[in-house]
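Enquirer: Dropping the structure in here first, questions after.
The values are calculated or read from the model by the stated rules, or taken from the named source; none is laboratory data. Values in this document were obtained by computation on a predicted structure and should not be read as measured data. Don't worry about glycine lacking a Cβ; one is built from the backbone with ideal geometry, like all the others, and counts go over all protein chains shown. Side chains included, ligands, DNA and RNA excluded: accessible areas come from the protein's heavy atoms. Shrake-Rupley method; radii C 1.70, N 1.55, O 1.52, S 1.80 Å.
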Amino acid sequence: MSSHAIAEDFAPDWAAIAVVILGVTAFSVGQGLTYPLIALVMDSRGVSSSLAGLNASVFAAGLATSTLMITRLTALLRGDRLIVAGLVGASLSLSAFALFDNLAVWFVARYLLGFSTSIIFTVSEAWLNTACPDRLRGRVSGIYGASMCAGFAAGPLAIPFVGTEDGFAFALIAVYVAFVAFASVMLGRFARTRPEASSAGGLMQFVRAAPVLALMVVAFGFSDIAAISTIPLYFVERGYSENFAALVVTMVALPTALAQPLVGWLLDHASRPLIAVGSAVACGASFLLLPFLSSEYALLATVSLLGAASFSLYTCALTLLGDQFRGGLLVSGAAAYGLAYAIGSAAGAGATGVIMDLSLSAGPISVGAIMLVFAAVFATGLTRRVPRA
């Protein structure tokens, strides 16, 4: 065991850990299915691209709203019950997509879906760290990340089987999420721990105490959105087929899910800051390599490493959150992570698209260079450990 292991130790609260992983897997499956499904259904109904894009932005608005309200929400309702409320809210939102064809209803439902999603992820990540001893924190975070990635990857694969007509897919996912909410209530009865309420002003308190951890999630959002949205377009522009571009997205997602338990194991047996810096370096180097490779096999291997290294930054950040913070600041930190990801992904999508319009190869090269800058910042900042709070 490495030197970061501490004397504080306790038996893991497996019931709580199961609730968290079950909930995040359920919702990531639902989100992975509904994101492309909503776009496909809107397109088939003749909805303009601008309205479809606005509908997606309403989801982001819901995410931001509940993140900023997390202190009030955790004061109103106990954390474990708040997760169940988020799952129920998500199920009701998905039901609205199945039951109504009115576009205005879909905008409201998309907003509520984002609102519910943020609650699930924010409180779940705080509870995961509360329920887990430090000696297992990396491995449990790795399983959590793998479950999330697998859910997002599995969702789109279900579309050919459930179809896009008659709202059946939305109804099926709504029932599934509702069942998970019920299972979470049952499992939660056996949990020994509970996520604590976020303190007033906790979000800014966390950012002031751990700016490097927040920046790590910004870096993850920046590279993640570039990998899944702009890099496939980059390959099409280079002359590769659309099928190959679709395969690139799969090769970003699936190896990422498989790699996270290994990353978690490393986080429990090696220097956590070193793993974080190494992930940023590997991600940056992978982006830089892309313009210089032509073999499809080499390109697929590189994007696999790119995806795994990018998401590893989040696994590292989640582990370091529990390593350095306690109590209500865990919830505040998880909320800060949500906002940090939104900032990073918005910057990644906008900047990479503009740069690729100017020069195709400059897209991945610029992302790679920025990730190496992030790595240098992490190498400097993570050497100064944050006092436990």
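Enquirer: Taking θ = phi - 60°, what integer Hz values does the Karplus form 6.51 cos²θ - 1.76 cosθ + 1.60 yield along region 356-370, in sequence order, with x for Gly and Pro?
Expert: Result, rounded to whole Hz: 5, 5, 7, 7, 4, 5, 5, x, x, 5, 5, 4, x, 5, 5.
Enquirer: Okay, moving on. From the phi angles alone, apply the Karplus equation (6.51, -1.76, 1.60; θ = phi - 60°) to region 234-239 and give each ³J(HN,Hα) in whole Hz, x where the residue is Gly or Pro.
Expert: Using θ = phi - 60°, the values come out as 4, 5, 4, 5, 7, x Hz.
Enquirer: Another one. By average Cβ neighbour count within 10 Å, what is the ranking of 53-65, 368-380, 331-343, 350-362 from highest down?
Expert: Values: 53-65: 16.7, 368-380: 18.8, 331-343: 25.2, 350-362: 14.9.
Ranked by mean Cβ neighbours within 10 Å, highest first: 331-343, 368-380, 53-65, 350-362.
Enquirer: Under a 1.4 Å probe, what is the accessible area of the chain per residue, stated in Å²?
Expert: Per-residue value: 41 Å².
Enquirer: Here's a follow-up. Could you give the nm distance between label points at MET204 and ALA347, where each point is 7 Å from its Cα heading toward the beta carbon?
Expert: The answer from the label model is 2.0 nm.
Enquirer: Go through region 215-222 residue by residue and turn each phi into a ³J(HN,Hα) via Karplus (6.51, -1.76, 1.60, θ = phi - 60°); whole Hz please, and just put x for glycine and proline.
Expert: After applying 6.51 cos²θ - 1.76 cosθ + 1.60, I find 5, 4, 6, 4, 5, 4, x, 4 Hz.
Enquirer: Let me ask something else. Rounded, prolate or oblate: pick one for the chain, where a ≥ b ≥ c are the square roots of the eigenvalues of its C-alpha gyration tensor, a/c under 1.5 means rounded, and failing that, prolate if a/b is larger than b/c, else oblate.
Expert: Cα axes put the chain in the oblate bin.
Enquirer: When only the heavy atoms of the protein chains count and the probe is 1.4 Å, how do VAL180, VAL162 rank by accessible area, highest first?
Expert: VAL162, VAL180
Enquirer: Still on this structure, please answer the following. Once you sort the root eigenvalues of the Cα gyration tensor of region 79-209 as a ≥ b ≥ c, which label holds: rounded (a/c under 1.5), prolate (a/b larger than b/c) or oblate (the other case)?
Expert: Prolate, because a/c is 1.5 or more and a/b exceeds b/c.
Enquirer: What nm value, rounded to one decimal, do you get for the distance between ARG45 and SER294 when each label is placed 7 Å out toward the C-beta?
Expert: About 4.7 nm separates the two model spin labels.
Enquirer: For region 152-299, give the percent of accessible area contributed by carbon and sulfur heavy atoms, probe 1.4 Å, rounded to a whole number.
Expert: Here it works out to 71 percent.
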